[in-house]
1. Taking segment 99-123 as the search range and keeping residues that are open to solvent by less than 10 Å² (accessible area, probe 1.4 Å) and not small (Gly, Ala, Ser), which one is farthest from the chain's Cα centre (by Cα)?
2. I'd like to verify a number: residues in segment 190-206 that are open to solvent by less than 10 Å² (accessible area, probe 1.4 Å), in a loop (DSSP other than H, G, I, E, B) and either in contact (Cβ under 8 Å) with a residue 60 or more places away in the chain or of a type in the set (Ser, Thr, Tyr) (or both), how many?
3. Please state which one of Val437, Val464 is open to solvent by 30 Å² or more (accessible area, probe 1.4 Å), modelled with pLDDT of 65 or more and not acidic (Asp, Glu).
4. Which residues, taken from segment 257-276, are open to solvent by 10 Å² or more (accessible area, probe 1.4 Å), hydrophobic (A, V, I, L, M, F, W, C) and assigned to a helix (DSSP H, G or I)?
5. Is it fair to say Leu425 is in contact with a Cys (Cβ under 6 Å, 6 or more places away or on another chain), surrounded by 19 or more Cβ atoms within 10 Å (Cβ to Cβ) and at pLDDT below 80?
6. Could you grab me the full set of residues in segment 390-415 that are at pLDDT below 90 and hydroxyl-bearing (Ser, Thr, Tyr)?
7. Kindly evaluate Pro365 against the criterion of being within 30 Å of Arg171 (Cβ to Cβ) and touching a helix residue (DSSP H, G or I) at 6+ places or on another chain (Cβ under 9 Å).
8. Could you grab the pairs with beta carbons closer than 9 Å, sequence gap of 6+ or different chains, first residue in segment 288-308 and closer than 15 Å to Arg228 by Cα, second one of a type in the set (Asp, Glu) and open to solvent by 30 Å² or more (accessible area, probe 1.4 Å)?
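The values are calculated or read from the model by the stated rules, or taken from the named source; none is laboratory data. Fair warning: this is a prediction, and the values are worked out from it, not measured in the lab. Ideal geometry is used to build each Cβ from the backbone, glycine not excepted, and the neighbour counts take in all protein chains shown. Heavy atoms of the whole protein, side chains included, go into the accessibility calculation; ligands, DNA and RNA do not. Shrake-Rupley method; radii C 1.70, N 1.55, O 1.52, S 1.80 Å.
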Amino acid sequence: MSLVLWNKPLFSALSSLELRTSLTSSSRSTPFEQNSSFWSLTMDNERKTKKKKERQLPEKKTALPLEEEDIEDLFSEKEVKKIRQSLLQWYDKNQRELPWRERSESDKEEEKEKRAYGVWVSEVMLQQTRVQTVIDYYNRWMTKWPTIHHLAKASLEEVNEMWAGLGYYRRARFLLEGAKMIVAEGDGFPNTVSDLRKVPGIGNYTAGAIASIAFKEVVPVVDGNVIRVLARLKAISANPKDTSTVKNFWKLATQLVDSCRPGDFNQSLMELGAVICTPLNPNCTSCPVSDKCQAYSMSKRDNSVLVTSYPMKVLKARQRHDVSAACVVEILGGNDESERTQPDGVFILVKRRDEGLLAGLWEFPSIILDGETDITTRREAAECFLKKSFNLDPRNNCSIILREDVGEFVHIFSHIRLKVHVELLVLCIKGGIDKWVEKQDKGTLSWKCVDGGTLASMGLTSGVRKVMMGKSPPISHDKNCL
């Protein structure tokens, strides 16, 4: 088994970066959480919009593509009624069976809060993550922490271990912080968008989902799937990430949301985008609202018009390429090399800082490199780091039993392409492990030694697991680590 740690300096400068959002059919994304103005839609704005449209010449309106000027056009009352009816009928027959959609027939406040908690957990997990991946994580989470009160008693380390593999660990921290805040205030689960927005990590999308699904507040939701559906219904070619465009998508969603079944309607809109109105291969002939879809209508009249061109594709920022050297250090039991046959070695783990990317997770020590280097340079850098951080010096207080380069791999983050060179270093410490640990001055670096069994049960990042699955045989003496 072989594991790897991304070095602390590698990502410390990235903590202020926002996570990029992928508008895919199989994940929920919330790039629009920062928009809060849509809730203040007023009659005055509607009158201004109406006057503006009346001033436009009919010829000009039909001749121009639906750019930013035209995106403010709302649905007619007839369209709204038809879309609501068609989507809800389709959703009632075709919705996927998902654990967070289970509901109780009881109207007791306790049941509503329990469902609100489940919706909250699922929506946060679904951000940037595929539905099929989330199901298992959701079920394990709800088994361990079935209510918000159970979650509020958990530690960040416990939550991170449960979250390990889902990525974007800041989401898990916000869930924990939010749960602690809600329980501490003692006023029950917030049941309106305005109150939900006060909870750490809950933006407009998540607030709308919880309020409409659990408490039936008549408010919209806008995620990547909803953006795609609305952009095609209105043939909107404007940049979907532009602030003014985002506001107008919220305006359209506000108009459509059903007053009697707001939660079901919002889910139907998202479901349509996830399974029918997909990014690359939309199944327009099976769409319940295709007769109201301007993009589909245009594509039938003109073969050069593609439904998939709506919304416009936004180029992703170019990933930064980084290189890291990871040293997986195993320290064998015994006081000298003659006693090293005992399979009771321990591994050194380092805890990342509590803020930033991969916050609070335990990983193996590593260092960032200045581009590609040869194995000699990587080893020299690793020796320097181990001596400085853990007082491990092969020339002084320990002997090298085994040292080998076990390979390399690439791990992809949303904004970073990280190439990791992994080295195995097996040591035997003069005087034994206990005396070495006693002499350590941990300083500001948080680290510990764990045996193979403990290591196997810990929550590890997907990058660490890549190495663990592919390089485990030469590293561990304990089969349980696999």
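1. Taking segment 99-123 first, the residues open to solvent by less than 10 Å² (accessible area, probe 1.4 Å) are 116-123.
Subset that is not small (Gly, Ala, Ser): 117, 119-121, 123.
Working: Tyr117: 18, Val119: 16, Trp120: 14, Val121: 12, Glu123: 10 Å.
Step by step, filter segment 99-123, then rank; the result is Tyr117.
2. The qualifying residues number 2.
3. Working: Val464 fails: open to solvent by 30 Å² or more (accessible area, probe 1.4 Å).
Testing whether each residue is open to solvent by 30 Å² or more (accessible area, probe 1.4 Å), modelled with pLDDT of 65 or more and not acidic (Asp, Glu) leaves just Val437.
4. Ala274, Val275
5. Numbers: in contact with a Cys (Cβ under 6 Å, 6 or more places away or on another chain): yes; surrounded by 19 or more Cβ atoms within 10 Å (Cβ to Cβ): yes; at pLDDT below 80: no.
Taking the combined requirement at face value, the residue does not satisfy it.
6. Of everything in segment 390-415, just one residue is at pLDDT below 90 and hydroxyl-bearing (Ser, Thr, Tyr), namely Ser414.
7. Details: within 30 Å of Arg171 (Cβ to Cβ): yes; touching a helix residue (DSSP H, G or I) at 6+ places or on another chain (Cβ under 9 Å): yes.
So Pro365 fits the description; yes.
8. Listed pairs, sorted by first residue: Lys292/Glu79.
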